Amino acid sequence: MLQLNHVDVCYGSFKALTNISMSVDTGELVVLLGANGAGKTSLFNAISGLVKPAAGDILFEDKQLNGMKASAIVSNGVVQCAEGRKLFPEMRVMQNLMMGAYVHRRDRQGNRKRLNEVLELFPILGDKANESAGSLSGGQQQMVAIGRAMMSRPRLLMLDEPSLGLAPLVVKQMFETIRQINSLGTTVLLAEQNAFAALKIANRAYVMENGHLVMEGDREAMLGNEQVRKAYIGA
Ligand code: ATP
């Protein structure tokens, strides 16, 4: 579904990503592990068209994404839910959700159907629909951010650190919801520092260090890998 071949990303003379080749297959839940600054966000931004790769190809269902406008990439089914949620705090929850439906604004019936699906995933957002997004708890704001991304009807959903800053119990629910989104048919690429919880719901994972991919493997191999356990799980 998604294929990256030899992708480099540079900020001026600083090379943030070097020679990244990776893939995500339809239906998979793939995790990207890496410490702060390893390059996970840069990789996501390159895929979503927010930064332009200095080299390499990014293909989604055999369509070339590099060079495509970010809005066209969303229309093609690749949607990013950014780190830090980036909501419109003064706007109501419902307005935030409907921002995600902008690319499908002519399909009102489809949007209504999708909104019902999102509210089934996050019932609390139905109760809070008319409250300002900024007044919600951190966990609820993360639900709005994921819900808004789901309103764009992704075929590939990229989640950047969705558990950041959330309480442990909320994190647990968040990972369960991500697993559910995936099992309902959305392919997921998940960047996380919370390696153990992320690996538990993943099919496969890649590990990034200093802008390079240094390891790849399926869930069992990663959970059993001593290097991964030492660096990312702390056991
Ligand atoms: P984090 O979880 O902290 O966001 P990350 O793995 O997502 O980390 P990136 O944000 O992609 O990492 O950053 C990778 C490297 O690129 C870092 O060294 C960072 O300082 C640098 N970097 C990121 N964005 C820019 C930018 N706009 N200009 C210059 N350097 C940048």
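Do we find that residue 43 is among the aliphatic types (A, V, I, L, M), near the ligand (Cβ under 8 Å from one of its atoms), under 24 Å from residue 218 (Cα atoms) and at pLDDT 95 or above in this structure? Break it down into steps so the answer makes sense when it comes.
Values: among the aliphatic types (A, V, I, L, M): yes; near the ligand (Cβ under 8 Å from one of its atoms): yes; under 24 Å from residue 218 (Cα atoms): yes; at pLDDT 95 or above: yes.
Judged against the criteria, residue 43 is a match.
I'm trying to understand the selection: among the residues of segment 5-23, which are part of a strand (DSSP E or B) and either buried (at least 23 other Cβ atoms within 10 Å of the Cβ) or within 13 Å of the ligand (Cβ to nearest atom) (or both)? Can you show your working first?
Keep residues of segment 5-23 that are part of a strand (DSSP E or B), which gives 5-11, 14-23.
Those that are part of a strand (DSSP E or B) and either buried (at least 23 other Cβ atoms within 10 Å of the Cβ) or within 13 Å of the ligand (Cβ to nearest atom) (or both): 7, 8, 9, 10, 11, 14, 15, 16, 17, 18, 20.
Name the helices (runs of 4 or more DSSP H) wholly within segment 165-235 that hold at least 3 residues that are in contact (Cβ under 8 Å) with a residue 40 or more places away in the chain, closer than 30 Å to residue 118 by Cβ and under 14 Å from the mean Cα position of the chain (by Cα)?
Numbers: elements: 168-183, 195-201, 219-224.
Qualifying helices (runs of 4 or more DSSP H): 168-183.
So, residue 86, is that one in a loop (DSSP other than H, G, I, E, B) and either within 16 Å of the ligand (Cβ to nearest atom) or closer than 18 Å to residue 145 by Cβ (or both) or not? So that I can check it myself, show each step before the final result.
On the way: in a loop (DSSP other than H, G, I, E, B): yes; either within 16 Å of the ligand (Cβ to nearest atom) or closer than 18 Å to residue 145 by Cβ (or both): yes.
Here the answer is yes, as residue 86 does meet what is asked.
I'm trying to understand the selection: among the residues of segment 31-58, which are crowded, with 23+ Cβ neighbours inside 10 Å and in a strand (DSSP E or B)?
Of everything in segment 31-58, those that are crowded, with 23+ Cβ neighbours inside 10 Å and in a strand (DSSP E or B) turn out to be 31, 32, 33, 58.
Pick from 96, 116: which is out of contact with any strand residue (DSSP E or B) (no Cβ under 8 Å at 6 or more places or on another chain), buried (at least 16 other Cβ atoms within 10 Å of the Cβ) and closer than 13 Å to residue 151 by Cα?
Working: 116 fails: buried (at least 16 other Cβ atoms within 10 Å of the Cβ).
None of the others qualify; the one that does is 96.
Give the number of residues within segment 150-209 that are of a type in the set (S, T, N, Q), more than 16 Å from the ligand (Cβ to nearest atom) and out of contact with any Ser or Thr (no Cβ under 9 Å at 6 or more places or on another chain). Outline the logic, then answer.
Taking segment 150-209 first, the residues of a type in the set (S, T, N, Q) are 152, 163, 173, 177, 180, 182-183, 186-187, 193-194, 203.
Next cut, more than 16 Å from the ligand (Cβ to nearest atom) only: 152, 173, 177, 180, 182-183, 186-187, 203.
Filter once more, so that each one left must be out of contact with any Ser or Thr (no Cβ under 9 Å at 6 or more places or on another chain): 173, 177, 180, 182-183, 186, 203.
Total meeting the criteria: 7.
Sort through 93, 31, 79 and tell me the only one that's away from the ligand (no atom under 15 Å from the Cβ), of a type in the set (A, V, I, L, M), under 27 Å from residue 200 (Cβ atoms) and modelled with pLDDT of 95 or more.
Values: 93 fails: under 27 Å from residue 200 (Cβ atoms); 31 fails: away from the ligand (no atom under 15 Å from the Cβ).
Unique residue meeting the criteria: 79.
Report the residue count in segment 69-86 for those that are in contact (Cβ under 8 Å) with a residue 24 or more places away in the chain and surrounded by fewer than 20 Cβ atoms within 10 Å (Cβ to Cβ).
Looking only at that region, the number is 7.
The values are calculated or read from the model by the stated rules, or taken from the named source; none is laboratory data. Source: prediction; values computed, not measured. So basically every Cβ, Gly included, is an ideal-geometry build from the backbone, and we count neighbours across all protein chains shown.
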